[in-house]
Amino acid sequence: MRKKKWAKPYIEERTDTVIQAPETCKGRWREILGTKEVRLEIGAGKGSYWIGMGEKYPDTGWIALEKSPDAAAIGLKKCLTPGSNMKYIVGDAEGIDEWFAPGEVDVIHLNFSDPWPKKSHAKRRLTAEKFRKKYDVILKPDGLVILKTDNIGLYEYSLEKMNDLFDLIERDDDFRKTPHDEDVITEYEQEFMDKGQPIYRAVWRHKEKINEE
Ligand SMILES: C[S@@+](CC[C@H](N)C(=O)[O-])C[C@H]1O[C@@H](n2cnc3c(N)ncnc32)[C@H](O)[C@@H]1O
């Protein structure tokens, strides 16, 4: 994406929605969003999923996390009057365990995450061990990770690797073959659907911790 000079100043202006110091919200997200449920979308891109789901489910808290200020600013511009249940963090997923208290998140959404196909880049995938360990901390005991992707490589990698800390509870290898009005279509998803490509979707539940004492 081309650099946008206006992106960073615009993000700073949007104090209504952008959480500039997410570490100060740790343990208080339910109170801040005014909801019982907290959902975190990692890699929100230009924001269509966050906007669509936030408007469709106003009783649920929706936090978008995006590391590219340029993409984040486009999403924020599309959403001038977000509900009080919608907040935005511009930052890298590496920080999530500093911004969310243990067990504070109900659901993590990974929509069309970068596949990083080279083995040498595998650590950057959002289902790599480094990130799984952070999801294990911030997700509530029966919390969910929901992945949608067009990329068979990332899908198969995730199905194999997530097993250590999560149980696979749903899997659909052609999710958009049937209508799913409950779930908003993301920008990337629409592009792949237009090309006739299947959308892969998997849902994992946080594994119960065995008390080791
Ligand atoms: C392929 S795009 C998908 C965007 C959107 N979810 C969609 O489905 O249209 C992946 C996005 O994830 C973001 N991303 C990748 N790694 C990230 C990380 N570690 N932390 C936050 N965002 C990340 C990228 O900047 C990019 O905007």
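The values are calculated or read from the model by the stated rules, or taken from the named source; none is laboratory data. These figures come from a predicted structure and were not determined experimentally. Please note: Cβ atoms are built from the backbone with ideal geometry, for glycine as well, and neighbour counts cover all protein chains shown. What goes into the accessible areas is simple: the full protein's heavy atoms, side chains included, and nothing from ligands, DNA or RNA. Shrake-Rupley method; radii C 1.70, N 1.55, O 1.52, S 1.80 Å.
Between residue 20 and residue 4, what is the spin-label point distance in nm, taking each point 7 Å from the Cα along the Cα→C-beta axis?
Between residue 20 and residue 4, the label points sit 2.0 nm apart.
Can you compute the helix-only [θ] at 222 nm over the chain? Use -39500 (n - 2.57) per DSSP H run of at least 4 residues, normalise by all residues, nearest 500 deg cm²/dmol.
-7500 deg cm²/dmol
Hey, can you grab everything whose amide H is under 5 Å from the amide H of residue 86? Only 5+ residues off in sequence or another chain; H modelled, so Pro and N-termini drop out.
Here 62 satisfy the definition.
Could you give me the ³J(HN,Hα) list for the stretch 199-205, computed from phi with Karplus coefficients 6.51, -1.76, 1.60 and θ = phi - 60°, whole Hz, x at Gly and Pro?
9, 8, 9, 9, 10, 10, 9
Mind pulling the per residue volume of the convex hull built on the Cα atoms of the chain? Å³ is fine.
Given the Cα convex hull of the chain, per-residue volume reads 131 Å³.
Excluding residue 8 itself, what net charge comes from residues whose Cβ is under 14 Å from its Cβ, given Lys and Arg +1 and Asp and Glu -1?
+2
Working from the alpha-carbon coordinates of the stretch 140-187, get Rg over Rh, Rh being the Kirkwood radius.
0.97
Give a quick list of trypsin sites (Lys or Arg not before Pro) in the stretch 28-80 that DSSP marks as loop, anything other than H, G, I, E or B, with at most 14 other Cβ atoms within 10 Å.
Sparse-neighbourhood loop trypsin sites (Lys or Arg not before Pro): 28, 36, 78.
So if each residue of separation counts as 0.36 nm, and I subtract the Cα-Cα distance between residue 210 and residue 78, what length gain in nm does that give?
43.1 nm
For the stretch 11-58, report the accessible area per residue in Å² (1.4 Å probe, heavy atoms, rounded to an integer).
48
Can you compute 3J(HN,Hα) from phi for each residue in the stretch 79-86, using the Karplus curve 6.51 cos²θ - 1.76 cosθ + 1.60 with θ = phi - 60°, rounded to whole Hz and x for Gly and Pro?
10, 7, 10, x, x, 5, 8, 10
Please identify, among 112, 175, 131, the residue showing maximal mean-square fluctuation in a Gaussian network model of the chain using a 10 angstrom Cα cutoff.
Judging by the Gaussian network model, the answer is 175.
Would you mind working out the magnitude of the charge dipole of the stretch 7-206 relative to its Cα centre, with +1 at each Lys and Arg C-beta and -1 at each Asp and Glu C-beta, to the nearest 20 Debye?
The calculation lands at about 420 debye.
Pop a pseudo-label 7 angstrom from the Cα along the beta-carbon direction at both residue 177 and residue 55 and give the gap in nm to one decimal.
Modelled inter-label distance: 3.1 nm.
Can you compute 3J(HN,Hα) from phi for each residue in the stretch 9-25, using the Karplus curve 6.51 cos²θ - 1.76 cosθ + 1.60 with θ = phi - 60°, rounded to whole Hz and x for Gly and Pro?
x, 5, 4, 5, 5, 7, 5, 5, 10, 7, 8, 6, 10, x, 5, 6, 9
Can you send over the carbon and sulfur percentage of the accessible area for the chain, probe radius 1.4 Å, protein chains only?
50
To make sure I understand the rule: partners must be aspartates and glutamates, Cα under 20 Å from the Cα of residue 177, and not fewer than 8 residues away in the same chain. Which ones qualify?
Residue 177 reaches 150, 156, 187, 189, 191, 194.
Anything over 27 Å Cα to Cα? Flag those among 140/161; 56/140; 130/195, in the order listed.
Check vs 27 Å cut-off fails for 130/195.
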